[in-house]
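Student: Shown below is the structure under consideration.
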Amino acid sequence: MDPGSDSDSLDEGVLTVRGRNKAARAKGVDPHNDKGKAKAKEQAYAWEANFTRSWDTVQEDEGGSLQGAVEELMARGRRRRLLAPAAAIRRTIIRHLILLLDLSSAMMDRDMRPTRFDLTLEYAREFITEWFDQNPLGQVGVVGMRGGIGERIGEMSGNPQDVLKSLSERHKLEPAGEPSLQNAIEMARSSMSHLPTHSSREILIVFGSLTTVDPGNIYDTLQSCIKEKIRISLVALAAEMKICRELCDKTGGQFGVAMNEGHFKDLIFELIPPPAQRAVARATGGGTTNPAADLMMMGFPTRLPDTAPPALCVCHAELRPAGFLCPRCGAKICDVPTDCDVCGLMIVSSPHLARSYHHLFPVKPYIPISSLDGAPKPTKHCHACSQPFRAQATASLADGMSSLGRYRCPDCSNDFCTDCDVFVHDVVHCCPGCEK
């Protein structure tokens, strides 16, 4: 046996391995990362975790259709909003809201599709439209946080078109730099310093960064907001921060961290109903008491038709034919609700005032009916849309759902279908049976 045969075979093996590695590198493949790449392919991205095996939550019916399962999932989500307490709560129907948008470089992250910035603008437009629909006597302003300062994007206005126009020019809102919570809150606070005491002062912050560049002590700004009764609510897109939590807790607002796109929208839209009015601490002794009811003066204007002769409006200083006349001073204004620029009277229309009452006197939640035993003559059709109810009960459902798709008003005892139940509570705000 040749004593060098082992060493020769070893050298040949080393040369063979080196040759394979060299050939793999020539093809642009790293031979040592094959296992790592295979492992990386098995792992999904963080934003894809919520969509893995989502089809397991949907079950086919007897006919193999998914329509019934999808309808039940949608109805369960809608019914969950109706389970809130229906007792009359003292609320502020004249609201003033400043929307603070984070326009820092952190909003360009793609953990929410397409980006945090684009998704925030989309949800902000939907939020403003729905907010004015349910709060016609309110006003909204928009402030941005970018480059360490606060920028006024839109002036406070009661016209939703003006607010939406300020958010429509995307190139003017391009994210850059770092945000500053203190500067933005101070700008929002200064714009609400002149508001009367009977109106609510609210700030909604959409915050996507994990840092804030403040020129001073932000806790001084927090104490000023508490003193002026400004309610701060914040929706975080990245993670929870201690200062963000304290801003909300100490001012009576709401705080939440968005887990995905749907949760982000839910957190924002939860702030559309007017908040309950906070009790005031008694001057002598402990405990709290409800604030005294203050009378406020409103004026109902006279509407001018489009064929009226052009006249100078006090809000834009332009000649326009249509508009409204202030009942106190006779000044012409373009839109209502608003405050007269001449005499300061709050001018509203009667439909706006009537639409604001449904928050004070909400429709009672309908009772889900799961069995018709004991009913003398159960109706076969919905009282509102006359659609027939399902004949057979489906599987038992939770979250206040009816297996028969039948919901009964506790006052007039009329039965309604699922769609009419949601439509009455979300849109009409008045029961068709008892008109309450």
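Student: Where in region 295-317 is the amide nitrogen less than 12 Å from a point lying 7 Å along the Cα-to-Cβ axis of V342?
Tutor: What the label zone holds, given the 12 Å backbone N cut-off, is 312-315.
Student: Using the Cα gyration tensor of region 77-206, with a ≥ b ≥ c the square roots of its eigenvalues, what is the shape: rounded (a/c below 1.5), prolate (a/b larger than b/c) or oblate (neither)?
Tutor: oblate
Student: Sort region 159-201 into rounded, prolate or oblate with this rule: let a ≥ b ≥ c be the square roots of the eigenvalues of the Cα gyration tensor; rounded if a/c is under 1.5, and if a/c is not under 1.5, prolate when a/b is larger than b/c, oblate otherwise.
Tutor: oblate
Student: Then there's this: Given an 8 Å cut-off on Cα distances and at least 6 residues of separation, report the relative contact order of region 167-259 as a percent.
Tutor: 27
Student: If you count, for each residue, the other Cβ atoms within 10 Å and average over each peptide, how do 331-341, 180-190, 301-311, 235-245 line up from highest to lowest?
Tutor: Highest-to-lowest ranking by the protection proxy: 180-190, 331-341, 235-245, 301-311.
Student: What's the extension gain from Q277 to C329 if we count 0.36 nm per residue and subtract their Cα-Cα distance?
Tutor: Result for the pair: 15.5 nm of gain on full extension.
Student: For a test of the definition: using alpha carbon positions, the gyration tensor, and the 1.5 limit on a/c, classify region 329-414 as rounded, prolate or oblate.
Tutor: On the way: a/c = 4.11, a/b = 3.68, b/c = 1.12.
Verdict is prolate for region 329-414.
Student: How long is the gain from Q392 to E169 if the chain were fully straight, where each residue apart is worth 0.36 nm and the alpha carbon distance is subtracted?
Tutor: Here the segment from Q392 to E169 would lengthen by 75.0 nm.
Student: Do any of K265/K332; K229/K265; K165/K364 go past 30 Å between their Cα atoms, and which?
Tutor: Numbers: K265/K332 39 Å; K229/K265 26 Å; K165/K364 37 Å.
As for pairs spanning more than 30 Å Cα to Cα, those are K265/K332; K165/K364.
Student: Could you calculate the FRET efficiency of M108 with K377 from 1/(1 + (r/R0)^6), where r is the beta carbon distance between them and R0 is 41 Å, rounded to 0.05?
Tutor: 0.05
Student: Could you order K377, K165 so the one with the most accessible surface comes first? Probe is 1.4 Å.
Tutor: From most accessible down to least: K377, K165.
Student: Sorting E228, E122, E155 by accessible area (1.4 Å probe), largest first, what list results?
Tutor: Output order, biggest surface exposure first: E155, E122, E228.
Student: How large is the accessible surface of L360 in square angstrom, using a 1.4 angstrom probe and rounding to the nearest 10?
Tutor: About 40 Å², rounded to the nearest 10.
The values are calculated or read from the model by the stated rules, or taken from the named source; none is laboratory data. Predicted model only: the values in this text are computed from it and were never measured. Cβ coordinates were reconstructed from backbone atoms using ideal geometry, including for glycine residues, and neighbour counts include every protein chain displayed. Just so you know, the surface numbers come from the protein's heavy atoms only, side chains and all, with ligands and any DNA or RNA stripped out. Shrake-Rupley method; radii C 1.70, N 1.55, O 1.52, S 1.80 Å.
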